[in-house]
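*Asks:* Can you read through this structure? Questions will come right after.
What follows is calculated from the coordinates using simple rules that are stated; it is not laboratory data. Since the structure is predicted, the reported quantities are computational estimates derived from the model, not experimental observations. All Cβ positions, even for glycine, are placed from backbone atoms using ideal geometry, and neighbour counts span all protein chains on display.
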Protein chains: 2
Amino acid sequence: MAETKKSNLALVAARAGVSVASVSRVLNGGSASEELTRRVREAADELGYVPDASARTLRTGRTDQIALAVADVGNPVYVQMMRAVTRIVAKADYRLVVSSTGSDPQAQIDLLTSLNRGYADGLLLSPLRITPDLIDAMRASRLPIVVIGSLPPDVELDNVRADSATGIGLAIEHLVEQGRRRIALVNGPVDTVPGAARLAGYLDAVKRFGLPDSPELQVTADAFTYRAGREATADLLRQSSPDAVVGANDLLAVAALKELNAAGARVPDDVAVVGMDDTDAAELATPSLTSVDLGSAERAKAAAELLIRRIRNPESKVRRIVITPSLSVRESSRTEAQKPDGAS
Amino acid sequence: MAETKKSNLALVAARAGVSVASVSRVLNGGSASEELTRRVREAADELGYVPDASARTLRTGRTDQIALAVADVGNPVYVQMMRAVTRIVAKADYRLVVSSTGSDPQAQIDLLTSLNRGYADGLLLSPLRITPDLIDAMRASRLPIVVIGSLPPDVELDNVRADSATGIGLAIEHLVEQGRRRIALVNGPVDTVPGAARLAGYLDAVKRFGLPDSPELQVTADAFTYRAGREATADLLRQSSPDAVVGANDLLAVAALKELNAAGARVPDDVAVVGMDDTDAAELATPSLTSVDLGSAERAKAAAELLIRRIRNPESKVRRIVITPSLSVRESSRTEAQKPDGAS
């Protein structure tokens, strides 16, 4: 490729009747006389010479890149989203740029500022925390943005979200049908958008089904991670005796499974466990994990499609899409009667 | 940001004494008279105005992006690599562009061609299959490349690889120490670099420890995925009765765990299971999975550091780094005597 580039410059130089160094200077924006600039640009135009992607971007205003910003690239729900987005953007001839920003809104504001300098044609943002500063940065962005996750109703941005409150209701309804009553919640931080939504959905469902809502049945992990989930579940088992545990995501639920296992409790016989997000981790767990499918792949796909539409037609009407949840029932919550082989 | 851009254009327009539309046309490479072009460029230069990243890239030759190409973004070993690379490149002020290319070398050649048009400053490539065409494309690249994985010795590229043959030897030595003799291998495709290395390491270790190397103990999954691992393990159990299974990665090993479980075999009492890569999946499994740590995070970190060094100093001497493996022993291979609580 180095050879190709050199000979292109040489061709332009020969046509313009100037040195290769002069061509390079003009095309790279260095100082050059008006006459030299004119001759080089004419020669380059006649030869259809585009030095590289940067020049093409400058001409077309396109970077052919779409950015996806997630909190934690190690969370299987984001892996699922990445897979779905990769397929959609590749079909539309974009490359995907993935950034793992953590849960700090400032990191996402910094990313937005950086991308606005012209590094991407659009951004898919899945923030854990929505602050006024982040909203201001999103509103000021000249880069099209689609938010995956809940947004305040007055923010006029394309948006795809899960209905996790309804989703947790499905989990609790299922557990009640299995005869469970003391249904605990292992939540992630409640100052995050998903943490707050899951708590609200849990409290609503507990009330609806007339279940005990004692505070001992609710614990909060420091993060939506496996390790934090182990600690939170240990706390839960010290303070109460649940007959079911809902994890606010699959990692927290697998952590609950493992902690119950370590404490000698049988799953699902003694304690049923249900996760949320229905990721690969749910199928790989032993026993396999019942999980609320919040449509992560579907959300990511819809968001990527909205973003491509927005890039192609900046004046499109703002759309807000809500993906309906469903429940994938597996071994971790099936009672005796429902086991195909009747084994305990 | 829309505001900032607009006012910059307006400043240039005011200084040049022309309309904002004219400034935009000239700076974006649209058609404009020589006189107009000169006035706008002079005004922009005097104000130090750089329209965006593309112009800056054209000037500096930098994109501030490093690309990472992996076979499957859903494999936890690549997630571990991404995490490690993200940290290193962020410290050096680069953004990470992640591409999931699948196992087809042509997809990686296409990516390389595309990146060579000026979309990244360097590439970390972790290919499953090394073909002569891919080697030619890597040699012809003007973009610096560091390969994560084995390379033929005559390819002069920076390279970081695991010693997976030694790694699988550690696994088999450990299993022999636990009294296992009929040690099976659930491998991935043997026409891939990791598949071939694991098979060679397995055959070597089996010979070294005087174990039976009957073909019935060796099965090959269609891919390094959980689903393919379930099928391959089902085949294995139909044709033989191993007392231990080594999975060529953690997903294959977790699949073996689950398939053994479904067949009513107790792990580790009846059959011990060991994985490779020591990913999160090993700790999350029940029982937790003994796994060969092939230093994926360390490999990715070393490769990212080599790449940044190569970008900064293209004349650096080519380096080849081999990361030494170790074994993380967990529940899936511990015999009675070694269990801390003596439980069966």
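*Asks:* Ignore the peptide's own chain and count Cβ atoms of other chains within 10 Å of each Cβ in B:251-258; give me the average, rounded.
*Replies:* Neighbouring Cβ atoms belonging to other protein chains average 2 per residue here.
*Asks:* By how many degrees, between 0 and 90 and to the nearest 10, does the Cα long axis of helix B:34-47 differ from the longest principal axis of chain B?
*Replies:* 70 degrees
*Asks:* Let me ask another. How far is helix B:2-16 tilted, in degrees, relative to the longest principal axis of the Cα atoms in chain B, given as a value from 0 to 90 rounded to the nearest 10?
*Replies:* 30 degrees
*Asks:* Count, for each residue of A:95-107, the Cβ atoms from other chains sitting within 10 Å of its Cβ, then give me the mean as a whole number.
*Replies:* Per residue, the number of nearby Cβ atoms from other chains is 4 on average.
*Asks:* Provide the percentage of antiparallel DSSP beta bridges, counting only those with both residues in the protein assembly as shown; round to the nearest 5.
*Replies:* Details: 6 of 72 bridges.
Counting only bridges with both partners in the protein assembly as shown, antiparallel ones make up about 10 percent.
*Asks:* Once a ≥ b ≥ c are taken as the square roots of the eigenvalues of the Cα gyration tensor of the stretch A:199-250, is the result rounded (a/c under 1.5), prolate (a/b larger than b/c) or oblate (a/b not larger than b/c)?
*Replies:* The shape class here is oblate.
*Asks:* Can you give me the angle between helix A:193-208 and the longest principal axis of chain A, using Cα atoms only, in degrees from 0 to 90, rounded to the nearest 10?
*Replies:* 30 degrees
*Asks:* So, one more: At B:Glu173, label 7 Å along Cα→Cβ: distances to the other copies, nm, ascending?
*Replies:* Spacings between copies for this position, smallest first, are 5.7 nm.
*Asks:* What is the dipole size for chain A, taken about its Cα centre, with +1 at each Lys and Arg Cβ and -1 at each Asp and Glu Cβ, in debye to the nearest 20?
*Replies:* 1180 debye
*Asks:* Okay, next question. From the Cα gyration tensor of the stretch B:208-295, with a ≥ b ≥ c the square roots of its eigenvalues, which class applies: rounded if a/c is under 1.5, or else prolate if a/b is larger than b/c, or else oblate?
*Replies:* Verdict is rounded for the stretch B:208-295.
*Asks:* Starting from a label point 7 Å past Cα on the Cβ side, list the distances from A:Glu216 to the same position in the other copies, nm, shortest first.
*Replies:* For A:Glu216, the other copies' label points sit at 5.6 nm, shortest first.
*Asks:* Can you check what the net charge comes to around A:Ala232, using other residues whose Cβ is under 15 Å from the Cβ of A:Ala232 (Lys, Arg +1; Asp, Glu -1)?
*Replies:* Values: positive: A:Arg198, A:Arg227, A:Arg230, A:Arg238, A:Lys258; negative: A:Glu216, A:Asp222, A:Glu231, A:Asp235, A:Asp250, A:Glu259.
So the surrounding residues net to -1.
*Asks:* Please enumerate, by chain and number, the aspartates and glutamates with C-alpha under 15 Å from the C-alpha of B:Lys258, excluding those fewer than 8 residues away in the same chain.
*Replies:* Within the straight-line limit of under 15 Å, B:Lys258 reaches these aspartates and glutamates: A:Asp280, A:Glu283, A:Glu331, B:Glu231, B:Asp235, B:Asp250, B:Asp269, B:Asp270, B:Glu283, B:Glu331.
*Asks:* Roughly how many debye, to the nearest 20, is the charge dipole of the protein assembly as shown about its Cα centre, given +1 on each Lys and Arg Cβ, -1 on each Asp and Glu Cβ, and no other charges?
*Replies:* On the way: 82 positive and 88 negative charges, 436 e Å.
Around 2100 debye, computed over the protein assembly as shown.
*Asks:* Which whole-angstrom value gives the distance between the alpha carbon centres of the stretch B:127-145 and the stretch A:143-179?
*Replies:* 44 Å
*Asks:* Answer with one residue from B:Pro215, B:Pro268, B:Tyr202: the one whose Cα lies farthest towards the positive end of the charge dipole of the stretch B:179-295, charges on Cβ with Lys, Arg +1 and Asp, Glu -1.
*Replies:* So the residue furthest toward the plus end is B:Pro215.
*Asks:* Turning to a different aspect of this structure: Please label the shape of the protein assembly as shown as rounded, prolate or oblate, based on the square roots a ≥ b ≥ c of the eigenvalues of the alpha-carbon gyration tensor (a/c under 1.5 means rounded; beyond that, a/b larger than b/c means prolate, else oblate).
*Replies:* The shape class here is oblate.
*Asks:* Can you give the calculated 222 nm mean residue ellipticity of chain B, where each DSSP H run of n ≥ 4 adds -39,500 (n - 2.57) and the sum is split over every residue, rounded to the nearest 500 deg cm²/dmol?
*Replies:* -14500 deg cm²/dmol
*Asks:* Here is a further query. May I ask you to report, in nm to one decimal and beginning with the shortest, the distances from B:Thr324 to the same position in the other copies, taking label points 7 Å along Cα-to-Cβ?
*Replies:* From this label point to the equivalent ones elsewhere in the assembly: 5.9 nm.
*Asks:* Within 10 Å of each Cβ in B:112-119, how many Cβ atoms from other chains are there, averaged over the peptide?
*Replies:* Average per residue, whole number: 5.
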